[in-house]
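One structure below.
The values are calculated or read from the model by the stated rules, or taken from the named source; none is laboratory data. Keep in mind that this is a model prediction, so the values were computed, not measured. Positions of Cβ are backbone-derived with ideal geometry, glycine not excepted, and every protein chain shown enters the neighbour counts.
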């Protein structure tokens, strides 16, 4: 009987997720990524002139110029969708394509929960606030977080003061002053109306307030950041999400290239939405955006489905994506248990984060309960921004010189500093729950950059599978070299390390392509070297 029940449960679970793999498509729309150098509009005209004119194929709009992603339209009648898919699949000019579909916003508030901000105490936010309450870097640069959601209340008393104001755009003059393709985009963009008038909604204001509700103002709740610039994007489907990501990438890229005189210092995106039972390989264009965000220095924080299942087995978008610039969290409760309604995954989910039963902002200057896996990512997103507001003077400089590497350093600190929980062991990659206070402490220790004897004092994770992080001290600044040798004494990796007067005594080595085995890491210069054994599995 037990065996029969197990088989039945397995069948029902599999059947359930098979049912959930179909998301509402936007009729007659497909996202297409062209190979580099291919002109999408020319390609469409050529196809229409040859043999696909009956498809009604037409060019709608560009989504990402740097990645050559575009939105195309077509006639869905007469089974044209499958015909078009065959054309796209066989054409060497096409790098990837996918349907334009809607996403789920992961909001499942539970009225039976305690409605108070226990979450901030649980993640040790007050200890982090002793160092900073957010707002700007040590050099005074405003820190920006992009919130992707279904709608907001931009007039809420606890958020209004923290909303981003585009410094390069003149309000309400009908001109695209910063020449980014958007007119009067002061606080972000609304893709429902294709206008700067951000759409109203309760879900977005709740997630946003966790990231950055105004603190110490005598009103309502406090965000992880008391002060921060919140850039808002209201959307519903994937094409608009790609456009929003492209907007954010452009802002940060301009900041990087101009040395901070243009664009915005966007450090994170919050993504409290997804698609249950969908694997990243089914959404190749959407999934590829996270590496593009990471390349300019932006981490993306996202959660998992509000259903109890193993993401590794059944898939979940975007948790199923392998981008190292994604930080995936699952929802933990006041007792530090994985919430009964939360998905999990030993390989796909990085860390636990509150907050089932938390309280946050609601429309009309009100407050109320919020939970599910919509509440977990904003705590992580807020942590990313708060760490950039630390007193570490070298952090912003590092973020400009090596934006991708600095983003990964912040991610690593967040993951390594969390509290180990039995409830998350074997259900997340780290087995840890977010701890902002410890993360801030670890960041500041890494940034002290005091001189000392040449020593490797921490190598983690070891054994390693993907990326090895090395923390060290050096007697002086300047150029050093890291070398990795296999058991036969052959050099298999090397990296030049420039140690400056400010910054971090830390570097990383890519071990993802090394065969399993024992290796030796040497670090130093001239006649002064230190060595550590490293195991790759």
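Name every residue in segment 182-200 that is touching a residue at least 12 places away in the same chain (Cβ under 8 Å) and on the phi > 0 side of the Ramachandran plot, in order of residue number.
Answer for segment 182-200, where residues must be touching a residue at least 12 places away in the same chain (Cβ under 8 Å) and on the phi > 0 side of the Ramachandran plot: 184, 188.
Got a number for residues in segment 408-453 being touching a residue at least 40 places away in the same chain (Cβ under 8 Å) and in a helix (DSSP H, G or I)?
Residues meeting the conditions: 20.
Identify all residues within segment 256-291 that are crowded, with 21+ Cβ neighbours inside 10 Å and under 25 Å from residue 141 (Cα atoms); write none if there are none.
If the condition is that a residue be crowded, with 21+ Cβ neighbours inside 10 Å and under 25 Å from residue 141 (Cα atoms), then 263, 264, 265, 266, 267, 268, 269, 270, 271, 290 are the ones that fit.
Just give me the residues in segment 69-79 being over 14 Å from residue 285 (Cα atoms) and crowded, with 18+ Cβ neighbours inside 10 Å, in sequence order.
73, 74
Out of 93, 128, I need the residue that is within 30 Å of residue 433 (Cα to Cα) and either crowded, with 21+ Cβ neighbours inside 10 Å or touching a helix residue (DSSP H, G or I) at 6+ places or on another chain (Cβ under 7 Å) (or both). Which one?
Matching residue, one of 93, 128: 128.
Against the conditions (1) out of contact with any strand residue (DSSP E or B) (no Cβ under 6 Å at 6 or more places or on another chain); (2) closer than 21 Å to residue 166 by Cβ, where does residue 234 fall short? Just the number, please.
(1)
Which one of 3, 17 is assigned to a helix (DSSP H, G or I), modelled with pLDDT under 50 and surrounded by 11 or more Cβ atoms within 10 Å (Cβ to Cβ)?
Going through 3, 17 in turn, the sole match is 17.
Restrict the check to segment 391-412 and report whether at least one residue is under 25 Å from residue 357 (Cα atoms) and surrounded by fewer than 23 Cβ atoms within 10 Å (Cβ to Cβ).
No, every residue in segment 391-412 fails to be under 25 Å from residue 357 (Cα atoms) and surrounded by fewer than 23 Cβ atoms within 10 Å (Cβ to Cβ).
How do the strands (runs of 3 or more DSSP E) wholly within segment 219-276 filter down when requiring 2 or more residues that are more than 26 Å from residue 71 (Cα to Cα): which remain?
Output list reads 229-234.
Only one of 431, 517, 437 is at positive phi and either out of contact with any strand residue (DSSP E or B) (no Cβ under 7 Å at 6 or more places or on another chain) or not assigned by TED's automatic domain parsing to the domain that holds residue 414 (or both). Can you tell me which?
517
Looking at segment 378-391, is at least one residue on the phi > 0 side of the Ramachandran plot and in contact with a helix residue (DSSP H, G or I) (Cβ under 6 Å, 6 or more places away or on another chain)?
no
For residues that are buried (at least 19 other Cβ atoms within 10 Å of the Cβ) and either in the same structural domain as residue 282 (by TED's automatic domain parsing) or over 16 Å from residue 237 (Cβ atoms) (or both), tally how many sit in segment 29-39.
Total meeting the criteria: 2.
For the structure I just gave you, tell me whether residue 468 is in contact (Cβ under 8 Å) with a residue 24 or more places away in the chain, closer than 30 Å to residue 313 by Cβ and assigned to a strand (DSSP E or B).
So residue 468 fits the description; yes.
What number of residues within segment 201-227 are at positive phi and in contact with a helix residue (DSSP H, G or I) (Cβ under 9 Å, 6 or more places away or on another chain)?
Qualifying residue count, segment 201-227: 1.
Being in contact (Cβ under 8 Å) with a residue 12 or more places away in the chain, touching a strand residue (DSSP E or B) at 6+ places or on another chain (Cβ under 9 Å), crowded, with 23+ Cβ neighbours inside 10 Å and assigned by TED's automatic domain parsing to the domain that holds residue 430 narrows it down to one of 323, 302, so name that one.
Only one candidate qualifies: 302.
Return yes when residue 88 is assigned to a strand (DSSP E or B), modelled with pLDDT of 90 or more and either buried (at least 17 other Cβ atoms within 10 Å of the Cβ) or not assigned by TED's automatic domain parsing to the domain that holds residue 364 (or both) and no when it is not.
It is false that residue 88 is assigned to a strand (DSSP E or B), modelled with pLDDT of 90 or more and either buried (at least 17 other Cβ atoms within 10 Å of the Cβ) or not assigned by TED's automatic domain parsing to the domain that holds residue 364 (or both).
Of the residues that make up segment 389-407, is at least one in a loop (DSSP other than H, G, I, E, B), under 17 Å from residue 326 (Cα atoms), within 19 Å of the chain's Cα centre (by Cα) and at pLDDT below 95?
No, the conditions are met nowhere in segment 389-407.
Could you list, in sequence order, all residues of segment 46-68 that are surrounded by 14 or more Cβ atoms within 10 Å (Cβ to Cβ), touching a strand residue (DSSP E or B) at 6+ places or on another chain (Cβ under 9 Å) and either on the phi > 0 side of the Ramachandran plot or not in a loop (DSSP other than H, G, I, E, B) (or both)?
Scanning segment 46-68 gives 48, 56, 58, 59, 60, 62, 63, 64, 68.
Please name all residue pairs, on different chains or six or more residues apart, with Cβ atoms under 7 Å, provided the first residue is in segment 490-509 and is in the same structural domain as residue 454 (by TED's automatic domain parsing) and the second residue is at pLDDT below 80 and in a loop (DSSP other than H, G, I, E, B).
What qualifies is 502/449; 503/449; 504/449; 505/449.
What's the total number of residues in segment 325-335 that are at pLDDT 95 or above and in a loop (DSSP other than H, G, I, E, B)?
Selection size over segment 325-335: 1.
Would you say residue 166 is farther than 24 Å from residue 370 by Cα, in contact with a strand residue (DSSP E or B) (Cβ under 8 Å, 6 or more places away or on another chain) and modelled with pLDDT of 90 or more?
No.
What single numbered condition from (1) free of Cβ contacts under 8 Å to residues at least 60 places away in the same chain; (2) within 30 Å of residue 139 (Cα to Cα) fails to hold for residue 482?
(2)
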